[in-house]
Amino acid sequence: MNRLFSSVLISIFALVVCVRTSSKPPSDEETLKNLEMEAAKHSGFSDADIAFQKGIIGTRIIYIDPLGHVYDQTPADIEKEAVATRTNNPDAKASAELRDIKVMISGDTAIVTFRGTYTSSGFKDPNENVAAGHTVGVDTWQKQNGKWKLIAGAVVSTEPVPPEVYKKSASGASN
């Protein structure tokens, strides 16, 4: 009987330890990696994509695209641009896959680097349709009121970009 009782107590103790261990909140590093992966899943122009994008950025974001255009945008600007893209290109689709995500945290600021593959199709301008563009990127995040917010980012193509693509001006860019 004592042996059975001891076995039950040990089992309960092990269960409590497992539950406590598995219910720990994710680390900031895990959270940032997950946010980057979710952002890649929401690289399109749907209402859900727009809502996610607006939810992770701070009051404004500075962003440099692979063509060197510099953006300084608010969440409202991001929404306006995405809706315009969707309206002008109803068949447009975009997706991104990230890998090799690395996080460096310093206080309430984090730098995240990654490699990615970007694909887009259905745009009226053929230069905006990308079969599989390979990129590297860096994002800057800041913890605001206990939540990580994206405040800056830059993405660079790791492959040659056709010269005609550079001629396109970017809506919302400041250069």
- [ ] May I ask you to say which residue of ILE105, ILE78 is touching a residue at least 12 places away in the same chain (Cβ under 8 Å), aliphatic (A, V, I, L, M), in contact with a helix residue (DSSP H, G or I) (Cβ under 8 Å, 6 or more places away or on another chain) and crowded, with 17+ Cβ neighbours inside 10 Å?
- [x] ILE78
Open item on the list: If I filter the stretch 65-74 for residues that are at negative phi, open to solvent by 30 Å² or more (accessible area, probe 1.4 Å) and without any contact (Cβ under 8 Å) to a residue 40 or more places away in the chain, do I get at least one hit?
Closed with: yes
TODO: Would you list the helices (runs of 4 or more DSSP H) that sit entirely within the stretch 1-100 and hold 2 or more residues that are at pLDDT 85 or above and among the basic types (Lys, Arg)?
DONE: 28-41, 75-88
Open item on the list: Out of GLY44, GLY58, I need the residue that is in contact (Cβ under 8 Å) with a residue 24 or more places away in the chain, in contact with a Leu (Cβ under 8 Å, 6 or more places away or on another chain) and open to solvent by less than 30 Å² (accessible area, probe 1.4 Å). Which one?
Closed with: GLY58
Task: Criterion violated by ARG115 - all others in (1) open to solvent by less than 80 Å² (accessible area, probe 1.4 Å); (2) in contact with a Leu (Cβ under 9 Å, 6 or more places away or on another chain); (3) charged (D, E, K, R) satisfied - done: (1)
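The values are calculated or read from the model by the stated rules, or taken from the named source; none is laboratory data. Bear in mind the structure is a predicted one, so any value in this text is a computation, not a measurement. Quick reminder, even Gly has a Cβ in these numbers, built from the backbone with ideal geometry, and neighbours come from all protein chains shown. The protein model used for the area step is the full one, side chains on, heavy atoms only, and it has no ligands, DNA or RNA in it. Shrake-Rupley method; radii C 1.70, N 1.55, O 1.52, S 1.80 Å.
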